[in-house]
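Participant: Sending over a structure as structure tokens; questions will come in a sec.
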Amino acid sequence: MGEALDAWEALVSEMQDEGVVTEVIRPAAIVPEEAARAILMQLSLRDLSFGGVWEAEAAQWRRYGAPGQDGCGDAPPDLAGTIQIAYGVPTRYEITIFRVTVTAIGQRLGWTVEALCDEALAHGDLTLATCPRADLAPPPPPMRH
């Protein structure tokens, strides 16, 4: 329950940030299986708790403005941005990126939506521009009686 509450507090705090930039990625970026494995491995090696700047969780990847403190219990550094993701979509081993947020602090540090994504995706030899995209099927025809 504590993790869910922490994530909720972070989201509320993020939404209240006056300089926040949020972009919905349309069509959503699809990270293929091999790249997804490489990215997740590298993000875990660069985790905040190991003195890194990333925190990868089930619904989002968070990028901080400074390295973490080796699990000393200190508050994490300022949040630079988040990448909203869905694991196992559209297929079991792929990851879908559907929304990216850069905080005011992240913008002051020079981050953009594209740069934030590119840093994470680079571990899978991808960029946001080169990442495969979800197929957007046209809406079904209207029902007629």
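The values are calculated or read from the model by the stated rules, or taken from the named source; none is laboratory data. Just so you know, these numbers come straight off a predicted model, no measurement behind them. Reconstructed Cβ throughout: ideal geometry from the backbone, glycine too, with neighbour counts over all protein chains shown.
Participant: Take segment 100-119 and flag every residue that is in contact with a Leu (Cβ under 7 Å, 6 or more places away or on another chain) and free of Cβ contacts under 8 Å to residues at least 40 places away in the same chain.
Facilitator: Scanning segment 100-119 gives E114, D118.
Participant: Okay, moving on. Having 3 or more residues that are within 16 Å of I25 (Cα to Cα) is the bar; report the strands (runs of 3 or more DSSP E) wholly within segment 60-136 that clear it.
Facilitator: 79-87, 95-102
Participant: Within segment 27-59, track down each residue that is in contact (Cβ under 8 Å) with a residue 24 or more places away in the chain and in a strand (DSSP E or B).
Facilitator: Within segment 27-59, P27, A28, A29, I30, V31, W54 qualify.
Participant: Would you mind telling me which numbered condition in (1) within 22 Å of P67 (Cα to Cα); (2) of a type outside the set (A, V, I, L, M, F, W, C); (3) touching a residue at least 24 places away in the same chain (Cβ under 8 Å) P90 fails?
Facilitator: (1)
Participant: Here's something else I'd like to know. Let me spell it out: the conditions are (1) out of contact with any Cys (no Cβ under 8 Å at 6 or more places or on another chain); (2) β-branched (V, I, T); (3) free of Cβ contacts under 8 Å to residues at least 24 places away in the same chain, and T127 meets all of them except one. Which number is the exception?
Facilitator: Exception for T127: condition (1).
Participant: If we keep just the residues of segment 12-51 that are in contact with a Pro (Cβ under 7 Å, 6 or more places away or on another chain) and surrounded by fewer than 17 Cβ atoms within 10 Å (Cβ to Cβ), which is modelled with the lowest pLDDT?
Facilitator: Looking at the filtered set, the residue picked out is G51.
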